[in-house]
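Taking it in order: structure first as structure tokens, then the write-up.
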Amino acid sequence: MKIKKAVIPAAGLGTRMLPISKAVPKEMLPIVDRPAISYLVKEASDAGIEDILVITAGGKECIEDYFDYSAVYEKRLTEKGKTDDLRLLREVADMANITFIRQKEAMGLGHAILKARAFVGEDDFAVLYGDDIIVSETPVTKQLCCVYEKYGLGVAGVKPVPWEDVTRYCSLKVDEAEKGVYRVSDMVEKPKRREDAFSNLSILGRVILPAQIFDILENTAPGAGGEIQLTDAMAVLSREKGMMALDFEGRRYDMGSKLGFLTANVIEGVKSEEVGEDFKKFLKEFVKEL
């Protein structure tokens, strides 16, 4: 079975990015000249996904506007003969069939995913976390899809994290199935002590889930932070049915943090065809002044 649907939770307040996130959704903060959420939609589209649900909240209407046509810009660009810019705007709007729904209460990632039940139906689906931008040769979602197609189970995209940080993440109980691919039999969200962790493999921003997850979420009590945690539901799934995990290839940026935002813009700015060379020159001169 091919994965054809994806869900992007983008309803969080973004308190780590205050004060800017009070007025600008963190998902709309740019990496060079594209908002973070555009990277997520393109990754899903490049992985062969056709239908995408973006879960937003009040005050995030600009996300929907970004993926719409703009009569004002199209008129101005047409008048000026800027066909390349016009084509770029159209490509943004036409990347996929995008649907929007609101999470009206901030009750956690698991609660947000529950809002996708009608959209998903009985299909298995991908989840791309709104904070996590991953730049890779092969789209990370595509990497997970390949594991899903081989094993027929839900898949978590994982990376090892420093042991001293494992209490800030989830921790997976795994056995290696092949190089970089693991069978998951349990997991815990933000273990209170390092001793409570199964491993230092943590989910970082991407999962593929069966529709069965919705029944589990319906019966999941609030967990860490008093919220309905998707990890708690996946723990049940991994114990009852099993899951897979993939140590994916790619560089992850945490766009929900100021350091992640700055890091993404420096690294991707240097790689930019338009400004990369000039930006590298600036950075070299700037570093000399430190």
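Restricting the stretch 213-224 to residues that are part of a helix (DSSP H, G or I) and either among the β-branched types (Val, Ile, Thr) or touching a residue at least 24 places away in the same chain (Cβ under 8 Å) (or both), the residue that is surrounded by the most Cβ atoms within 10 Å (Cβ to Cβ) is ILE213.
Filtering VAL266, VAL270 for residues that are of a type in the set (Val, Ile, Thr) and either touching a Gly at 6+ places or on another chain (Cβ under 9 Å) or touching a residue at least 60 places away in the same chain (Cβ under 8 Å) (or both) leaves a single hit, VAL270.
Filter the stretch 234-244 for residues that are aliphatic (A, V, I, L, M), in contact with a strand residue (DSSP E or B) (Cβ under 9 Å, 6 or more places away or on another chain) and either loosely packed, with under 14 Cβ neighbours inside 10 Å or not in a strand (DSSP E or B) (or both) and give the result. If you could, list the steps in order and put the result at the bottom.
Keep residues of the stretch 234-244 that are aliphatic (A, V, I, L, M), which gives 234-237, 243-244.
Subsequent filtering for residues that are in contact with a strand residue (DSSP E or B) (Cβ under 9 Å, 6 or more places away or on another chain) retains 234-235, 237, 243-244.
Residues satisfying the conditions are MET234, ALA235, LEU237.
Scanning the stretch 86-111 for residues that are without any contact (Cβ under 8 Å) to a residue 12 or more places away in the chain and of a type in the set (D, E, K, R) yields ARG87, GLU91, ASP94, GLU105.
In the set (1) loosely packed, with under 13 Cβ neighbours inside 10 Å; (2) touching a residue at least 12 places away in the same chain (Cβ under 8 Å); (3) assigned to a helix (DSSP H, G or I), the condition left unmet by VAL41 is number (1). Residues in the stretch 67-85 that are surrounded by fewer than 17 Cβ atoms within 10 Å (Cβ to Cβ) and assigned to a helix (DSSP H, G or I): ALA71, VAL72, TYR73, GLU74, LYS75, ARG76, THR78, GLU79, THR83, ASP84, ASP85. Of all residues in the stretch 171-188, those being of a type outside the set (S, T, N, Q), assigned to a strand (DSSP E or B) and out of contact with any helix residue (DSSP H, G or I) (no Cβ under 7 Å at 6 or more places or on another chain) number 9. Scanning the stretch 264-282 for residues that are in a helix (DSSP H, G or I) and either under 27 Å from GLY205 (Cβ atoms) or modelled with pLDDT under 95 (or both) turns up ALA264, ASN265, VAL266, ILE267, GLU268, GLY269, VAL270, LYS271, GLY276, PHE279.
Looking across the stretch 133-170, the residues that are at pLDDT 95 or above, outside any helix (DSSP H, G or I) and surrounded by 22 or more Cβ atoms within 10 Å (Cβ to Cβ) come down to ILE133, ILE134, PRO139, GLY154, VAL155, ALA156, GLY157, VAL158.
Inspect all residues belonging to the stretch 91-105 and state whether any of them is among the charged types (D, E, K, R), farther than 30 Å from GLU149 by Cβ, modelled with pLDDT under 95 and part of a helix (DSSP H, G or I). Walk me through how you get there before you give the answer.
Within the stretch 91-105, the subset among the charged types (D, E, K, R) is 91, 94, 102, 104-105.
Cutting the leftovers down to farther than 30 Å from GLU149 by Cβ gives us 102, 104-105.
With the extra rule that they be modelled with pLDDT under 95, the set shrinks to 102, 104-105.
Next, only the ones that are part of a helix (DSSP H, G or I) stay: none.
No; the residues of the stretch 91-105 include none that is among the charged types (D, E, K, R), farther than 30 Å from GLU149 by Cβ, modelled with pLDDT under 95 and part of a helix (DSSP H, G or I).
Scanning the stretch 44-66 for residues that are crowded, with 18+ Cβ neighbours inside 10 Å, of a type outside the set (Val, Ile, Thr) and farther than 25 Å from ALA106 by Cβ yields a total of 2.
Flag: PRO210 does not match the condition of being surrounded by 14 or more Cβ atoms within 10 Å (Cβ to Cβ), more than 19 Å from the chain's Cα centre (by Cα), farther than 22 Å from SER38 by Cα and not small (Gly, Ala, Ser).
Checking the structure you have, find out if any residue of the stretch 113-132 is among the aromatic types (Phe, Trp, Tyr) and within 16 Å of the chain's Cα centre (by Cα). Yes, the stretch 113-132 has at least one match.
Only a single item in (1) surrounded by 19 or more Cβ atoms within 10 Å (Cβ to Cβ); (2) in a loop (DSSP other than H, G, I, E, B) is not met by ILE113, and it is number (2).
From the list PHE286, PHE261, PHE198, which residue is among the aromatic types (Phe, Trp, Tyr), part of a helix (DSSP H, G or I) and surrounded by 12 or more Cβ atoms within 10 Å (Cβ to Cβ)? Going through PHE286, PHE261, PHE198 in turn, just one is among the aromatic types (Phe, Trp, Tyr), part of a helix (DSSP H, G or I) and surrounded by 12 or more Cβ atoms within 10 Å (Cβ to Cβ): PHE261.
The values are calculated or read from the model by the stated rules, or taken from the named source; none is laboratory data. What you are looking at is a predicted structure, and each value in this text was computed from that prediction instead of being measured. Every residue, glycine as well, gets a Cβ built from its backbone with ideal geometry; the counts of neighbours run over all protein chains shown.
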